[in-house]
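Okay, so here's the structure we're looking at.
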Amino acid sequence: MDTRSEIREFLTSRRARITPDQVGLAVYGSRRVPGLRREEVAVLAGVSVPYYTRLERGDIKGVSESVLEALARALQLDDAERAHLFDLARAAGPTARTRRRSAPRQIRPSVQRILDAMTDAPALVQNGRLDVLAANRLGQALYSPMLANSTPPVNHARFTFLDQRAQDFYPDWDRAANDGVALLRAEAGRNPYDRALTDLVGELSTRSPEFRVRWAAHNVRLHQTGAKHFHHPIVGDLTLTFEMLELAADPGLNLLTYSAEPGSRSEQGLRLLASWAATPGELEPADKTGTPGRR
């Protein structure tokens, strides 16, 4: 990926979303473009206008951390955006093309044993490209629409944008789509020379207008904890809390686990899903109310 273009478009998009009144600046006359002007960002960041203009054109090599921090404050970047800015600055540095150790393509046996021991919670291991490398039995059951008939490597983003079943599987498809693209954007900042990631982005950009629009927005986000909503074809609607844990011994890999609120309908759904995973012939697909049937 073109690091200079990434920097230019990211800074421009962040500048365009902030209005002068949000940062306490007076407005004089009409404005032809939304957001702040370059000179206003320069003032807020405490740098000269020519210097900020240089940065926004993508020439960010050698910029100090203090200047990056000042830019982050001026543009009101959140934690994910701040981290992305620093990643882009590193990518533009003199050692950026030093090959980063690729994430493992397979998980270690001990990690698989941990997955298999988690019998009451869906769990899977994925990399920064959102490829699924392994899952426990309940994780396979939860993501059965994605895993069915998929060509390895199974990929969350490819399923979301290229498989019609994703529209039913994710009740809030827009949110799932936005989150997936934002995660890929963040990964591109961390590892801009990942050929597999570039190929994935190229494939999705070619085949999905929905992906292209979101990719052009340059939004990024962290993916550590939160709630996700699913409509499973067997057990119906589920609302699950997720936790994303880094595998320190395997850089680039993360353990994604799900749990349900105790006593909730989603907890009951997970139990039914576990039963279906153990004996898949005993439950019929859920009806329109989300209630699974039995044979």
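Within region 255-268, identify whether any single residue is assigned by TED's automatic domain parsing to the domain that holds Gln126, among the aliphatic types (A, V, I, L, M), at pLDDT 95 or above and in a loop (DSSP other than H, G, I, E, B), and answer yes or no.
Start the filter on region 255-268 by keeping residues that are assigned by TED's automatic domain parsing to the domain that holds Gln126, which leaves 255-268.
Narrowing the set further to residues that are among the aliphatic types (A, V, I, L, M) leaves 255-256, 260.
Restricting the remaining residues to those that are at pLDDT 95 or above gives 255-256, 260.
When the remaining residues are screened for being in a loop (DSSP other than H, G, I, E, B), the result is 260.
Checking region 255-268: at least one residue is assigned by TED's automatic domain parsing to the domain that holds Gln126, among the aliphatic types (A, V, I, L, M), at pLDDT 95 or above and in a loop (DSSP other than H, G, I, E, B).
Quick test for you: out of Leu222, Leu253, pick the one residue that is more than 13 Å from Leu183 (Cβ to Cβ), surrounded by 14 or more Cβ atoms within 10 Å (Cβ to Cβ) and under 17 Å from the mean Cα position of the chain (by Cα).
Numbers: Leu222 fails: more than 13 Å from Leu183 (Cβ to Cβ).
After ruling out the rest, the residue left standing is Leu253.
Does region 236-247 contain any residue that is more than 25 Å from Arg129 (Cβ to Cβ), assigned by TED's automatic domain parsing to the domain that holds Ile114 and polar (S, T, N, Q)?
Yes: one or more hits.
Among the residues of region 200-232, write down those that are polar (S, T, N, Q) and within 26 Å of Asp79 (Cβ to Cβ).
The answer is Asn219, Gln224, Thr225.
Can you name every one of the helices (runs of 4 or more DSSP H) wholly within region 146-238 that holds 1 or more residues which are within 29 Å of Arg271 (Cα to Cα) and out of contact with any helix residue (DSSP H, G or I) (no Cβ under 9 Å at 6 or more places or on another chain)? Before the answer, list the steps.
On the way: elements: 156-162, 165-169, 173-190, 195-207, 209-216.
Hits in region 146-238: 173-190.
May I ask you to list the residues in region 112-145 that are assigned to a strand (DSSP E or B) and not aliphatic (A, V, I, L, M)? Step through it out loud before you land on a result.
Residues of region 112-145 assigned to a strand (DSSP E or B): 123-127, 131-135.
Selection gives Gln126, Asn127, Asp131.
Is it the case that Ala16 is touching a Phe, Trp or Tyr at 6+ places or on another chain (Cβ under 8 Å) and closer than 29 Å to Ala188 by Cα? Write out each step before concluding.
Values: touching a Phe, Trp or Tyr at 6+ places or on another chain (Cβ under 8 Å): no; closer than 29 Å to Ala188 by Cα: yes.
Judged against the criteria, Ala16 is not a match.
Go through region 138-183 and count every residue that is surrounded by fewer than 16 Cβ atoms within 10 Å (Cβ to Cβ) and more than 19 Å from the chain's Cα centre (by Cα).
8
When residues of region 209-247 are filtered for being over 16 Å from Leu124 (Cα atoms), charged (D, E, K, R) and at pLDDT 95 or above, how many remain?
Residues in region 209-247 being over 16 Å from Leu124 (Cα atoms), charged (D, E, K, R) and at pLDDT 95 or above: 4 in total.
Starting from region 44-66, keep only residues that are surrounded by fewer than 18 Cβ atoms within 10 Å (Cβ to Cβ), then list their pairs with residues that are in a helix (DSSP H, G or I) and among the hydrophobic types (A, V, I, L, M, F, W, C) whose Cβ atoms are within a distance under 7 Å, requiring at least 6 positions of separation or different chains.
Gly46/Ala70; Ser48/Ala42; Val49/Ala42
What pairs come up if the first residue lies in region 14-42 and is at pLDDT 85 or above, the second is assigned to a helix (DSSP H, G or I) and among the hydroxyl-bearing types (Ser, Thr, Tyr), and their beta carbons are under 7 Å apart, counting only those six or more places apart or on different chains?
Listed pairs, sorted by first residue: Arg38/Tyr52; Arg38/Thr53; Val41/Tyr52; Ala42/Tyr52.
Picking from Ala217, Ala188, which residue would you name as being touching a residue at least 24 places away in the same chain (Cβ under 8 Å), hydrophobic (A, V, I, L, M, F, W, C) and either in contact with a Lys or Arg (Cβ under 9 Å, 6 or more places away or on another chain) or on the phi > 0 side of the Ramachandran plot (or both)?
Details: Ala188 fails: either in contact with a Lys or Arg (Cβ under 9 Å, 6 or more places away or on another chain) or on the phi > 0 side of the Ramachandran plot (or both).
Residue meeting the stated conditions: Ala217.
Can you tell me which residues in region 149-173 are of a type in the set (A, V, I, L, M) and within 19 Å of Tyr258 (Cβ to Cβ)? Walk me through it before giving the result.
So the first thing to find is which residues in region 149-173 are of a type in the set (A, V, I, L, M), and the list is 154, 157, 162, 166.
Within region 149-173, Val154, Ala157, Ala166 qualify.
Here is a yes/no grid of residues against (1) among the aromatic types (Phe, Trp, Tyr); (2) under 30 Å from Arg17 (Cα atoms); (3) touching a Ser or Thr at 6+ places or on another chain (Cβ under 9 Å):
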| residue | (1), (2), (3) |
| --- | --- |
| Leu162 | no, yes, yes |
| Gly180 | no, yes, yes |
| Arg185 | no, yes, no |
| Arg190 | no, yes, no |
| Leu197 | no, yes, no |
| His223 | no, yes, no |
| Lys228 | no, yes, yes |
| Leu238 | no, no, yes |
| Tyr258 | yes, no, yes |
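Count, please, the residues in region 77-102 that happen to be outside any helix (DSSP H, G or I) and either at pLDDT below 95 or crowded, with 19+ Cβ neighbours inside 10 Å (or both). Break it down into steps so the answer makes sense when it comes.
First pass over region 77-102, keeping only residues outside any helix (DSSP H, G or I): 77-78, 92-102.
From the residues that got through so far, the ones that are either at pLDDT below 95 or crowded, with 19+ Cβ neighbours inside 10 Å (or both) too are 77, 92-102.
Total meeting the criteria: 12.
The values are calculated or read from the model by the stated rules, or taken from the named source; none is laboratory data. Model, not experiment: these values are computed from the prediction. Virtual Cβ from ideal backbone geometry, glycine too; neighbours counted across all protein chains shown.
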